[in-house]
Amino acid sequence: MSLSIGIVGLPNVGKSTLFNALLKSEQALAANYPFATIEPNVGIAAVPDERLAALAPIVHTTTIKPATIEFVDIAGLVKGASQGEGLGNKFLSHIKATSAIAHVLRVFTDPDIIRDTPVDPLADLATVRTELQLADLEILSRQTPPKGSVSPAATQRFDLIQKFTATLNEGHNLSDRIKTLSDDEQTLARQIATELNLLTHKSELFVLNVDENDLSQAANITTDWSQKLHVPAKQIIVVSAKVEAELASLSEQEARDYLQTLGLSESGLDRLARAAYQTLQLQSFLTAGELEVKAWTIPQGTTAVNAAGVIHTDFIKTFIKAKVVTFVDFVALGGWKAAADAGKVRLEGRDYVMQPDDIVEFVLGK
């Protein structure tokens, strides 16, 4: 299962620099002028998981495969994008293909970076959100009321579409409105938003691109912007795209040393990957054997049989049971055999709900 995050923002806020750092390569053209990125650059980056390195020597393998996250560097939106300005139609179609939106906001100061308007992160965000809302309104305007003998479900569907339209006309995202609905309405509302591929229904992250000297104040900046944006602090990631680019050019040890000099325990990009998992309510389960140790991405609440299907769809049909041990027990006892001998390996059925610390071996039939 891949997680796709669209990196979105106005021109020259640091999107491509951040993308380059994510991939540890110069796959995007980080140029000092708008529309340096015309086609979306797509790359796969590893989700940090220190557990994998701990498992590898226990099962005698050198092959480590972390969960992955797909990042899409989408060219800078401009005012009027919803009407096609600045290649807007193409940009919006690229956003539609992503699972969530990471708004990159310029908080840094750099007089050498070209910009047509004053630096104002809140205004920048408002511009982008307005264009996404206008694009959604255009889609909703094409939805017609049911005619003839109308079912209650069809009536409820159109009622929600009208609520969506009113919400957007008030300048609010659909994700905010859906949270206020009843449980039954929320389920249908999400189905409609997914069916119509509405942009303002997508989960959001907010990447604050700050000056290097401000990184030591990341906690205070996060609290401040959580209040400004009216979103939970976990959706805000404070980074310096320049620092992340420098980290990407260093060896693993050099990067750790550099982070220490900045008073940081991990990079901003590691925090971005973790925040993406939390925002989209994802988790990993682990497999560990001589061939490899690997993290597999699943939605929270996934059952054992469906987790097996993530490895291979045929496993759903042939699933018999799952051998499960916690990561802590597996490491403390030294592997599958010792964990089984100590009674720490459980046999779980198809309806078992997977937990974030599960190491699993699926038992399959023919």
Look at Ala339 and say whether it is farther than 14 Å from Asn306 by Cα, open to solvent by 60 Å² or more (accessible area, probe 1.4 Å), aliphatic (A, V, I, L, M) and not in a loop (DSSP other than H, G, I, E, B).
no
What are the pairs with Cβ atoms under 9 angstrom where one residue, in region 197-217, is at positive phi and the other, located anywhere, is open to solvent by less than 10 Å² (accessible area, probe 1.4 Å) and outside any strand (DSSP E or B)? Sequence gap at least six, or different chains.
none
Given (1) open to solvent by less than 70 Å² (accessible area, probe 1.4 Å); (2) without any contact (Cβ under 8 Å) to a residue 12 or more places away in the chain, identify the lone condition not met by Thr187.
(1)
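Condition check ((1) acidic (Asp, Glu); (2) within 22 Å of the chain's Cα centre (by Cα); (3) at pLDDT 90 or above) across all residues:
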site	(1), (2), (3)
Ser2	no, yes, no
His60	no, no, yes
Glu85	yes, no, no
Leu92	no, yes, no
Determine, yes or no, whether Leu264 is over 25 Å from Ile359 (Cβ atoms) and either touching a Ser or Thr at 6+ places or on another chain (Cβ under 6 Å) or not hydroxyl-bearing (Ser, Thr, Tyr) (or both).
yes
Taking region 219-245 on its own, how many of its residues are surrounded by fewer than 15 Cβ atoms within 10 Å (Cβ to Cβ) and of a type in the set (Asp, Glu)?
1
Residue under question is Glu266, and the condition is that it be of a type in the set (D, E, K, R) and not in a helix (DSSP H, G or I); does it hold?
yes
Residue identified as more than 21 Å from Asn12 (Cβ to Cβ), at pLDDT 90 or above and out of contact with any helix residue (DSSP H, G or I) (no Cβ under 6 Å at 6 or more places or on another chain) among Lys202, Lys147:
Lys202
Hey, among Ser141, Ser182, Ser203, Ser149, which residue is surrounded by 15 or more Cβ atoms within 10 Å (Cβ to Cβ) and of a type outside the set (A, V, I, L, M, F, W, C)?
Ser203
If only one of Ala275, Ala288 is open to solvent by less than 30 Å² (accessible area, probe 1.4 Å) and either closer than 20 Å to Ser4 by Cβ or free of Cβ contacts under 8 Å to residues at least 60 places away in the same chain (or both), which one is it?
Ala275
Considering only residues of region 169-213 that are assigned to a helix (DSSP H, G or I) and in contact with a strand residue (DSSP E or B) (Cβ under 8 Å, 6 or more places away or on another chain), which is nearest to Pro152 (Cα to Cα)?
Ser175
Which count do you get for residues in region 305-331 that are farther than 15 Å from Gly365 by Cβ and open to solvent by less than 20 Å² (accessible area, probe 1.4 Å)?
4
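The values are calculated or read from the model by the stated rules, or taken from the named source; none is laboratory data. This is a predicted model, so every value here is computed, not measured. Every residue, glycine among them, receives a Cβ derived from its backbone with ideal geometry; neighbour counts consider all protein chains shown. Side chains are part of the model used for accessible areas, which takes the heavy atoms of the whole protein and leaves out ligands, DNA and RNA. Shrake-Rupley method; radii C 1.70, N 1.55, O 1.52, S 1.80 Å.
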